[in-house]
Structures are given as structure tokens and as C-alpha cells.
């Protein structure tokens, strides 16, 4: 069973075995508005939890995407280069950003589950 | 400049309508303004370019000048701006700038002659300072009437003429940069054929209490959709138009900003406006830097503040940059050293520390579609 966890920076990570797929949440894409450019990390890059690893640009502004946990990037969503709107259309599907091999699955405990994240977003008003 | 943190946010006469339409409201120049509606900026941008968009620009400052006995309003205003105001015929409109003694731009504005008065439209963030400036300098010659509560609606796009002439047939004959009084929905309005999108279209100055009804009436036409400040910015960037506080400011002269076209021939020769000596010298000898268009090769967006370099040497800075929905690619404008400013010059834009190759190109990025009759 895949386990989805959420960060306070509005990233999600879907964990299968020791691999995680990362993207931004529905709430994040709504706040950003139309996404027009995404810069994803190269495979092989080692990243620390909280490190800025990708950039998502809407018409109005650029925003950093942070690694929700530590690990090594193993694949990036190359299709976003030509279809950045996928992030708006399917933020948790076709709009994924990158996949990583997790360094320490224990870090997942510091992230929110779906119910906790829903409550967190609700608290933002 | 108005300090946006001072006091509660002001509201335009369309605040309730924006909420009803589901706008995302943000603080802008001391006002609570719609940045976008639920369809989003890309759809709103295309709507304006292809059909017609309605913008609430009531936050901008409208000021009316009337001559005191024995004085000439146009001549008086010419002591503050380099534009040819005395030459305005009734119904004609000009773009000009308030300059300071160093030739820098305090604000840019539109001036329209109605015959009896001059009507100014200034930027929202500058309007209190502009009013104080005008009052300090022109009170002897003019009655100065701030009309900050009036509504201002921009109806922009190729279908704007079709829509507005249903309500006020005489606007169909207006040419770009001219205006006339009309009655819309029982209210006396002043309409100019102008805008900030590069499209054909109008700006409609409305009595405060009639603004909501007129906006609703315009939105009831199938060609018209409401458009927020987000698309207003992407449209003006494609049109190569300056945004005050970004592409032009007190440290930029009209010559550096590429706005020499807005200074009349006689005024270039005769001066008589603040900073004339600096501006005349720049006209004669060239300005140290120039505002240029920038077309990045790749998809990365160079935004305001990004450095412009040639072979690793910084030659300027991006002043506005973003995604051009009409072109499907990134565009920018910026200031560069004049010696490096010719069209076709290859530069690098430093985006998050990485050089993105770009070329200096002529503006506008999207052809203007003004109606010149």
C-alpha cells in the first residue's frame, strides 16, 4: 500500500517501498494559479530534507519546492517541460515533480497524514 | 508612494462585485484588488486578446484641473511634465510623465483635454504624492479637484468596440488617444479610446455610485469577462508598456526609458519642465542606459531584479519579466548600458544564479492593435 504524507510547505510524497514520489498539493496549485514553468532536479542529485530542489513558476511568481525528506533523486518528470499545466490539472497525478530513494524512512514520521494536512490547510483560512 | 501598511485597505466601488465573481483579492497600492478570477490568468489573458475583458482600475487617481481666471491650465501643467499639453485639442489625450529636477520620473500619467478642463489619470501608488505635487506647484493657476472616489473601468480587446457602442454608439468613431462624454445607463461618463494592454479598447470614467451598475451591464454581454491585475500585467508586458516603480522610477529619465516619443519637439528644444537640462543633454549626447526588450531562448523566466550580463560582465538588470501567454514563452524588459543595447545583442540573464541566454529585441512583443481610424 502506498502511503501519502504531506509537508507544511504543501508538498506531498507517495511512498512505495524505499522510493518516494513528490509533487505539490491541490491547495498549493490553487494558490499558485496557472503554472507556466517547472524546473525539476537531475537524477543522481543527493538532497537533504528541507533543501530547495525544484522551482515552480506561475504567471505571477516563482516558488521553491523543498525536499520533504532526505535522499537521492532517481527520476524527474520530464513531461512537465512541455506541459507545466499538468501541475494544475492533476497535482497528485500527472503533475508529479520527481522521485527519490529515501535515505531514512524515519523522517516520514515528521510529515502529516491526509487528515492532519487537511486540518492544517483548514487552519490557514 | 502610499505606504500599503498604513491603515486598512481601501475598496473600489466594485468590491462587492469582485467577491460575487469569486475573485482572489490581494493588497495592491493600498487597495484590496482582484488579482484573478476563478478561470485564472492564462484564460483571462486570452479572453482579452481574443474577445473582451473588463478591468477595475478605479484605484488609479483621477484629477481634474480647471484654469483660474487669466491662467492657462495646459501651460501650467507643462511646467511639471515634458509632454506637449498646450497642443492638445479638446478630446485629445496624451501620455506623459511628472519629472523631478534630475529628470527622473515621479509618475507617468494620461492627460486628456475636455476643452474646459484637463483630466489626469495617475498611478494608484503615487496618487497622494502626485496630488500634493500638483497642489504645491499649480494652485495659483488651476482649481485642482481630486476625483479619487470616481470609478474607472477598462474595457479592452477586439470586441470592446462592439460591446461599448451598443451602450454608447458614439464611441465607435473615437480614435486611439481621444475621448468624449457619453451617457451610459443614465450616468454621465467620460470615455477614452486607450488602455494598458496593447489591444483596442476603452477606459470609462464613471460616477462612483454608477460604477457597479455599469460594470454589471458590461459583463452581461456575452463577449465580456472580468479580468484581474495578473492578466493586466502580462498583457502590458507583451505590449512593451512601462510599469511605474519597476521599469520607470525616480532614477530613470524618459530618455533612458525609451519614452522620448512622448516628449513634443518644441518641448525638447524649449525645456521648461523639471529636469529639462538633464533630459536635453541626454537627447543630445545619449543616455547612459536604455530600456530594452529581452527574449530568452529557453523556458526559464527572468523576473524583476535578475542581472543582465555579457560574457560574465553585468551590463544591466531586468525590470519586468514574465510568461507571455500569447507567445507561449518567457519575455522580459530591462535596463542595459547604452553601448550594449542594440537589437540582436546576445546577453545572459542570471536566473537563480544560472545564465539563461537571451537576445535584445524590439518591443512590443505582441503587435499593438490600436484603432487609429
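Any read-out appearing in this document is the output of simple, stated calculations on the displayed coordinates, not a laboratory observation. Every value quoted in this text rests on a predicted model; they were computed, and no experiment measured them. FYI the Cβ positions are ideal-geometry reconstructions off the backbone, even for glycines, and counts take in every protein chain you see.
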For peptide A:30-37, how many partner chain Cβ atoms fall within 10 Å of a residue's Cβ, on average? 6
Rounded to two decimals, what is Rg over Rh for chain B when you use alpha-carbon atoms and the Kirkwood radius? 0.96
How crowded by other chains is B:316-322, given as the mean number of beta carbons from other chains within 10 Å of each beta carbon? 1
Please arrange B:128, A:64, B:116, B:233 by how many other C-beta atoms lie within 10 Å of their C-beta, fewest to most. B:116, A:64, B:128, B:233
Peptide B:350-363: average number of partner chain Cβ atoms within 10 Å per residue? 1
Shape of the range B:252-373, Cα gyration tensor, a/c cut at 1.5: oblate
Whole-Å distance, taken between Cα centres, linking the range B:165-212 and the range A:6-41: 45
When a footprinting reagent is the concern and you count Cβ atoms within 10 Å, what order do B:320, B:342, A:58 take, fewest first? B:342, B:320, A:58
Fewest-first sequence of B:236, B:49 by Cβ atoms within 10 Å of each Cβ: B:236, B:49
Please list A:25-35, B:362-372, B:143-153 highest first by mean number of surrounding beta-carbon atoms within 10 Å per residue. A:25-35, B:143-153, B:362-372
Looking only at chain B, where both bridge partners belong to it, what percent of the DSSP beta bridges are antiparallel (to the nearest 5)? 95
Taking the alpha-carbon centroid of each part, what is the distance from the range B:220-285 to the range B:29-98 in angstrom? 12
Report D for the protein assembly as shown in µm² per second (integer): Stokes-Einstein, Kirkwood Rh on Cα pairs, 20 °C, 1.002 mPa s. 87
